[in-house]
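The structure appears right after this line, and notes come after that.
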Protein chains: 2
Amino acid sequence: MLSLVDLRRRIEAGTLTPEGAIRLSQEAILARDPVVRATVVTDPAPAVTDAGPLAGIAVGVKDIIDTAAMPTQMGSPIYEGWQPKTDAPIVMRLKALGAVVLAKTTTSPFASVDPTETTNPHDPGHTPGGSSAGSAAAVGAGMLPLALGTQTGGSVIRPASFCGCAAIKPSFRLLPTVGVKTFSWALDTLGLFGAGVGDVAHALALIAARPAIDLGGTPPGTPRVMVVTQDFAEAPAPEAKSALDRARQAAERAGALVRDFALPPEFAAAFESHGTIQDFEARQALAWEYAHHRDALSPRLGPQLDAAQGLDAAAYDDARRKAHRARRLLKTLFSDFDAILTYSAPGFAPRTLASTGDARFNRLWTLMGVPCVNVPVPGDGLPVGVQVIARFGGDGRALAVAAMIEGALER
Amino acid sequence: MLSLVDLRRRIEAGTLTPEGAIRLSQEAILARDPVVRATVVTDPAPAVTDAGPLAGIAVGVKDIIDTAAMPTQMGSPIYEGWQPKTDAPIVMRLKALGAVVLAKTTTSPFASVDPTETTNPHDPGHTPGGSSAGSAAAVGAGMLPLALGTQTGGSVIRPASFCGCAAIKPSFRLLPTVGVKTFSWALDTLGLFGAGVGDVAHALALIAARPAIDLGGTPPGTPRVMVVTQDFAEAPAPEAKSALDRARQAAERAGALVRDFALPPEFAAAFESHGTIQDFEARQALAWEYAHHRDALSPRLGPQLDAAQGLDAAAYDDARRKAHRARRLLKTLFSDFDAILTYSAPGFAPRTLASTGDARFNRLWTLMGVPCVNVPVPGDGLPVGVQVIARFGGDGRALAVAAMIEGALER
């Protein structure tokens, strides 16, 4: 993989130019993308600047995020050739930092659950996950050092786990979703993919203009880490359990205080309410597409929106109350510990291109709005990761604990 | 003014057709709009349906809200002729209810503070307020029975007060802001203008699919109403004080328990933090416009965004914490009373077209996310209104108390 921190170190040392760094991505795309199929369109002649802390960093932008110089096609034939007027604020921010938007990356239609043509960079017979399929696969394949995704259920953390890269779904609205196609306004969250935890930490600190997020992996004293198995979701596959065990042992080796923790029943209730909130909002957010292009909606999204027409406001309001209660309780719980360690995904990427896998270990945390980091866990076979979670606003803490575990896993 | 409830009553009684009702708006636009200048574009041949609870209702849509059949020009030359691909969800919802989008209405550029060419329907030498200038003026002039606005500071309640119509800024995100140009995502709120409180209550109940919002003006037992003067803002003009006194007496006559209430200091702190939150987000939301079209920004917005470039994330995070504290405190306070009664605006619409007036009595409540209703207070001279506020989610309660005051004022 291309490490953002490593590329920037070489550029600052004068051993690599920004142009040279962009060329590494261009060459990797030429070599890998014919099989991985992570990009929708690439900029054939990108304008590379020498200025800015992300100069020389090629970025992939999920194709539900508006770009003024490239079409934004939402993974859907309904938006074929659609050219937005403006760059989304997150794209403007990347450019202001010197980064190059080199590619739009594939997305499930409207960031829903239907698969794209993208293949897993570790085995083309397996899904890369979704909905941020192209961004996860492009980073996992070593084509790009940084890519933007979005998560409404598990669309950042799950594909990162499947593709073997690090990722962060930051605190809700830390990054602006303006100019990003809405699926569910209470859930949609921009996230970042990178080679390692240090790479996404460095990128997030710069993009969010909050230097404290980037601790360079320094462990925060003796962090108290709770291992959570989310028993309200179906049990995971053995490889996910094994990865969680290894991550737990790594955390202990690195000096963390690790305990098991069973989430109170309020969290099962919130977990169950995720779909109602998501689908009630998606019905509104995609009302135009549904009314005018129902037949062009993808095979799972169409019926999902059909069913959503029957949801009523009372069910939605009840679901929101359950989410609110769990959020308040989680805030209290986080006064007793620093981070939660749990599954990123139910197991390896499924051996199919007809599904993007299951988001059941991610949904609750998206609904809670808390920062979640995927840490790849080295092992045999396909990649699998674990998820480190901190309190709302504790993005730096989540990243620091994640970096601590990542470091101990490598040893 | 054209009352939505009255038009619907006549349509249901068979004494008016939906076509006839739309024609009333078309004729009123022809008669009044040459002076009021509230519309940007009108649909010359609207498709009128007989079906739906808002059939026959002509709606004005603020020109920062996406429409697929009419341009959306944001009140700015930067978006001259810009044609969005889709209708915003709120527009889709109005159409699904049978309403006709008859006009796009004028807006301050990007819903900021610079004035439009719209004049006050009660005196063309006075501002109609802003930023939802056209929507407030069109309803106040009797051109339309319903119009959509947005409020980030005081862009719904203030122009309603200036133009003599009722309006509601509902609870934050009760109505979806998808497809609405963002200024500040933590503040931007869709609102409705109508002839009277019963009209906006009926419309909101239908649009939000929450029938309980529309109580038909039934007073909720003996409501406890607190009169709040917002002393952290500069004092209002005599006519605003007089209107508040008359509304207070009307509430008492109608059987409410009315007391004075001084807001604790946390609210002054939140009031002061509004601008930081708004401008830090506006800088991001309008990053593309600022970077590529700084010279085409309007006279106040340009310098506002210049200054916003200097805001840092720490100031923003601190402002959000202050807002959060005040929101939690307000929730507690609302367990002791039902509604707050306060100023809608500092006084009559200023005698100028070079300013949209002052939002200082509105900003705090937008930041709190609570429902706010403007009740016109009959009197001599230009219109002036008062503001009725309830707890978050208490849109029906705010409307019921507002209707109670409105009814007693008329007697």
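The values are calculated or read from the model by the stated rules, or taken from the named source; none is laboratory data. Treat the numbers as computed from the prediction; the structure is a model and nothing was measured. When we count neighbours, we look across all protein chains shown, and the Cβ atoms used for this are built from the backbone with ideal geometry, even at glycine. Protein only, heavy atoms only, side chains kept; ligands, DNA and RNA dropped before computing areas. Shrake-Rupley method; radii C 1.70, N 1.55, O 1.52, S 1.80 Å.
Brief remarks on what is shown
- Dipole magnitude (debye, nearest 20) for region A:4-213, charges at Cβ of Lys, Arg, Asp, Glu: 460 debye
- Shape analysis of region B:4-213 places it in the rounded category; the axes a ≥ b ≥ c from the Cα gyration tensor give an a/c below 1.5.
- Chain B - charge dipole about Cα centre, Lys and Arg +1 at Cβ, Asp and Glu -1, debye rounded to 20: 800 debye
- Only one residue of A:VAL139, A:GLY52, A:PRO34 has its Cα farthest out toward the positive end of the dipole of region A:4-213, where Lys and Arg carry +1 and Asp and Glu -1 on Cβ, and that residue is A:GLY52.
- Computed on region B:1-99, with alpha-carbon pairs under 8 angstrom and 6+ residues apart, the relative contact order is 27 percent.
- Per-residue 3J(HN,Hα) values for region B:22-27, derived from phi via the Karplus relation 6.51 cos²θ - 1.76 cosθ + 1.60 with θ = phi - 60°, read 5, 4, 4, 5, 4, 5 Hz in sequence order (x marks Gly and Pro).
- Vicinal HN-Hα couplings computed from phi for region B:350-364 (Karplus, 6.51 cos²θ - 1.76 cosθ + 1.60; Hz; Gly/Pro x): x, 7, 6, 10, 9, 8, 9, x, 10, 9, 5, 8, 10, 4, 4
- Using a 7 Å projection from Cα along Cα-to-Cβ, the label point at B:GLU80 is separated from the same position in the remaining copies by 3.4 nm, smallest value first.
- Distances between placed amide hydrogens fall under 5 Å for A:ALA147 paired with A:GLY60, A:PHE193, all partners being 5 or more residues away or on another chain.
- For the protein assembly as shown, the spread of Cα positions along each principal axis, largest first, Å: 81, 51, 49
- Percent RCO, i.e. relative contact order, over chain A, from Cα pairs under 8 Å lying at least 6 residues apart: 19 percent
- In Hz, Karplus ³J(HN,Hα) per residue of region B:375-380 (6.51, -1.76, 1.60; θ = phi - 60°; x = Gly, Pro): 10, x, 10, x, x, 7
- Take A:GLU266, push a point 7 Å out from Cα through the beta-carbon direction, and compare it with the same point in every other copy: 1.8 nm, smallest first.
- Where A:LYS181, A:LYS331 fall by accessible area, highest first, once all protein chains stay in place (1.4 Å): A:LYS331, A:LYS181
- Per-peptide packing, taken as the mean over residues of other Cβ atoms within 10 Å, places B:251-259, A:245-253 in the sequence A:245-253, B:251-259 from highest down.
- Placing +1 on the Cβ of every Lys and Arg and -1 on the Cβ of every Asp and Glu, with no other charges, gives the protein assembly as shown a dipole of roughly 1260 debye about its Cα centre.
- Whole-number percent relative contact order across region B:22-75, with pairs defined as alpha carbons under 8 Å at least 6 apart: 29 percent
- A cut-off of 5 Å between modelled amide H atoms, ignoring neighbours fewer than 5 places along the same chain, links A:SER3 with no other residue.
- Here region B:286-315 is scanned for amide nitrogen atoms under 19 Å from the site 7 Å beyond the Cα of B:PHE232 along Cα-to-Cβ, giving B:315.
- Estimated at the nearest 10 Å², the accessible area of B:MET74 is 10 Å² with a 1.4 Å probe.
- Distances, shortest first, from the label point of A:GLU27 to those at the same position in the other copies read 7.7 nm; the point lies 7 Å along Cα to C-beta.
- Two-site label geometry, A:ARG328 and B:HIS324: point separation in nm, points 7 Å out along Cα→Cβ: 1.5 nm
- Other residues whose C-beta falls under 13 angstrom from the C-beta of A:THR15 contribute a net charge of +1, scoring Lys and Arg +1 and Asp and Glu -1.
- With all protein chains modelled, accessible area of B:LEU311 [1.4 Å, Å²]: 50 Å²
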